[in-house]
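Student: Encoded as structure tokens, here's the structure I'll be asking about.
The values are calculated or read from the model by the stated rules, or taken from the named source; none is laboratory data. Remember, it's a predicted structure, so these values are computed and weren't measured experimentally. We place every Cβ from the backbone using ideal geometry, glycine too, and count neighbours over all the protein chains shown.
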Amino acid sequence: DAGVIQSPRHEVTEMGQEVTLRCKPISGHDYLFWYRQTMMRGLELLIYFNNNVPIDDSGMPEDRFSAKMPNASFSTLKIQPSEPRDSAVYFCASSLTASGNTIYFGEGSWLTVV
Amino acid sequence: RKEVEQDPGPFNVPEGATVAFNCTYSNSASQSFFWYRQDCRKEPKLLMSVYSSGNEDGRFTAQLNRASQYISLLIRDSKLSDSATYLCVVKGFQKLVFGTGTRLLVSP
């Protein structure tokens, strides 16, 4: 079975550029989560969707960040303009329910902003 | 104060040792608790859920103390393959909150 699929796996971009991260959740999963992981702050929830509707975006750091889920099989996280402090691993995860023991992570998108 | 706090480690132990990690959480309304494992440069994966009565999965034992808002993970007979970062995870209303993790290094 395909797991959560993220792209790109690695991206290096210059400050000020737009970055778009993509995610395909596991088919049939109703919840989709975007997390950011850094050494200093660990895993932080940025936003999550239920049935394609954003439920909680309180973790989105600022207006430069936006996320969409146009359909049940695709989501994007966009950073515009990017800054060096955005460098992190961005994980997408999906789950069938809101229960933690059914959440599955993608392999992550490693972003470096120089 | 962080919602979930863990000692970052690293914990350096020899093979065969028993090691315990602790975690505290601040939200008394938290509903569910988990330990996740994250290997270097990989995604987190569920290790086990944590129940009030305590639960065991092979060499791994998890305990929850709701009164003290404290979760523990005990690993017996450590293996080299146990080397990883262990994330304490607490669930509130639909959201998982992750600790920053405790790093374990098991040496030969």
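Residues are listed down the side, and each one gets a yes or a no for (1) more than 9 Å from every other protein chain (Cβ to nearest Cβ); (2) under 11 Å from the mean Cα position of the chain (by Cα); (3) surrounded by 15 or more Cβ atoms within 10 Å (Cβ to Cβ):
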site: A:41; (1), (2), (3): no, no, no
site: A:45; (1), (2), (3): no, yes, yes
site: A:51; (1), (2), (3): yes, no, no
site: A:57; (1), (2), (3): yes, no, yes
site: A:77; (1), (2), (3): yes, yes, yes
site: A:83; (1), (2), (3): yes, no, no
site: A:93; (1), (2), (3): no, yes, yes
site: A:109; (1), (2), (3): yes, yes, yes
site: A:113; (1), (2), (3): yes, no, yes
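Student: Would you mind telling me which numbered condition in (1) at pLDDT below 95; (2) over 24 Å from residue A:85 (Cα atoms) residue A:38 fails?
Tutor: Among (1) at pLDDT below 95; (2) over 24 Å from residue A:85 (Cα atoms), residue A:38 violates only (2).
Student: Can you tell me how many residues within segment A:61-107 are in contact (Cβ under 8 Å) with a residue 40 or more places away in the chain and assigned to a strand (DSSP E or B)?
Tutor: 17
Student: Does segment B:57-72 contain at least one residue that is within 12 Å of chain A (Cβ to nearest Cβ) and farther than 10 Å from residue B:35 by Cβ?
Tutor: Within segment B:57-72, none of the residues are within 12 Å of chain A (Cβ to nearest Cβ) and farther than 10 Å from residue B:35 by Cβ.
Student: Moving on to the next point. Could you list, in sequence order, the residues of segment B:1-31 that are among the acidic types (Asp, Glu), within 12 Å of the chain's Cα centre (by Cα) and part of a loop (DSSP other than H, G, I, E, B)? Talk me through it step by step, then tell me what you get.
Tutor: Of segment B:1-31, the ones among the acidic types (Asp, Glu) are B:3, B:5, B:7, B:15.
Now restrict to residues that are within 12 Å of the chain's Cα centre (by Cα): B:5, B:7.
Listed by number, the list holds a single entry, B:7.
Student: So, one more: Within segment A:59-75, which residues are among the polar types (S, T, N, Q) and within 14 Å of the chain's Cα centre (by Cα)?
Tutor: Just the residues of segment A:59-75 that are among the polar types (S, T, N, Q), to begin with: A:66, A:71, A:73, A:75.
Hits for segment A:59-75 are A:66, A:73, A:75.
Student: Does segment B:20-47 hold any residues that are polar (S, T, N, Q), within 11 Å of chain A (Cβ to nearest Cβ) and either closer than 16 Å to residue B:61 by Cα or crowded, with 17+ Cβ neighbours inside 10 Å (or both), and which are they?
Tutor: Taking segment B:20-47 and keeping what is polar (S, T, N, Q), we get B:22, B:24, B:26-28, B:30-32, B:38.
Next, from what is left, pick out any that are within 11 Å of chain A (Cβ to nearest Cβ): B:30-32, B:38.
Within segment B:20-47, B:30, B:32, B:38 meet the criteria.
Student: Let me ask something else. Six or more apart or on different chains, Cβ atoms under 9 Å: show the pairs whose first residue is in segment B:55-80 and in a strand (DSSP E or B) and whose second is of a type in the set (Lys, Arg).
Tutor: Between residues of segment B:55-80 that are in a strand (DSSP E or B) and residues that are of a type in the set (Lys, Arg), the close pairs are B:60/B:76; B:61/B:76; B:74/B:59; B:75/B:59.
Student: For the structure I just gave you, tell me whether residue A:22 is on the phi < 0 side of the Ramachandran plot and surrounded by 20 or more Cβ atoms within 10 Å (Cβ to Cβ).
Tutor: Numbers: on the phi < 0 side of the Ramachandran plot: yes; surrounded by 20 or more Cβ atoms within 10 Å (Cβ to Cβ): no.
In short, no.
Student: So, one more: Can you name the number of the only condition in (1) surrounded by 15 or more Cβ atoms within 10 Å (Cβ to Cβ); (2) away from chain B (no Cβ under 11 Å) that residue A:89 fails?
Tutor: Evaluating residue A:89 over (1) surrounded by 15 or more Cβ atoms within 10 Å (Cβ to Cβ); (2) away from chain B (no Cβ under 11 Å) leaves (2) as the failure.
Student: Under 7 Å between Cβ atoms, at least 6 apart or on separate chains: pull out the pairs that start in segment B:7-30 with a residue that is closer than 14 Å to residue B:103 by Cα and end on any residue that is β-branched (Val, Ile, Thr) and not in a strand (DSSP E or B).
Tutor: B:8/B:100
Student: Residues being part of a strand (DSSP E or B) and more than 14 Å from every other protein chain (Cβ to nearest Cβ): count how many of those fall in segment B:85-108.
Tutor: Number of matching residues: 4.
Student: Scanning for something out of contact with any Lys or Arg (no Cβ under 9 Å at 6 or more places or on another chain), more than 25 Å from residue B:31 (Cα to Cα), away from every other protein chain (no Cβ under 14 Å) and not in a loop (DSSP other than H, G, I, E, B), does segment A:15-33 turn up at least one residue?
Tutor: Looking for residues that are out of contact with any Lys or Arg (no Cβ under 9 Å at 6 or more places or on another chain), more than 25 Å from residue B:31 (Cα to Cα), away from every other protein chain (no Cβ under 14 Å) and not in a loop (DSSP other than H, G, I, E, B), one finds at least one in segment A:15-33, hence yes.
Student: Out of segment A:59-71, which residues are away from chain B (no Cβ under 14 Å) and modelled with pLDDT under 95?
Tutor: Passing the criteria: A:61, A:62, A:63.
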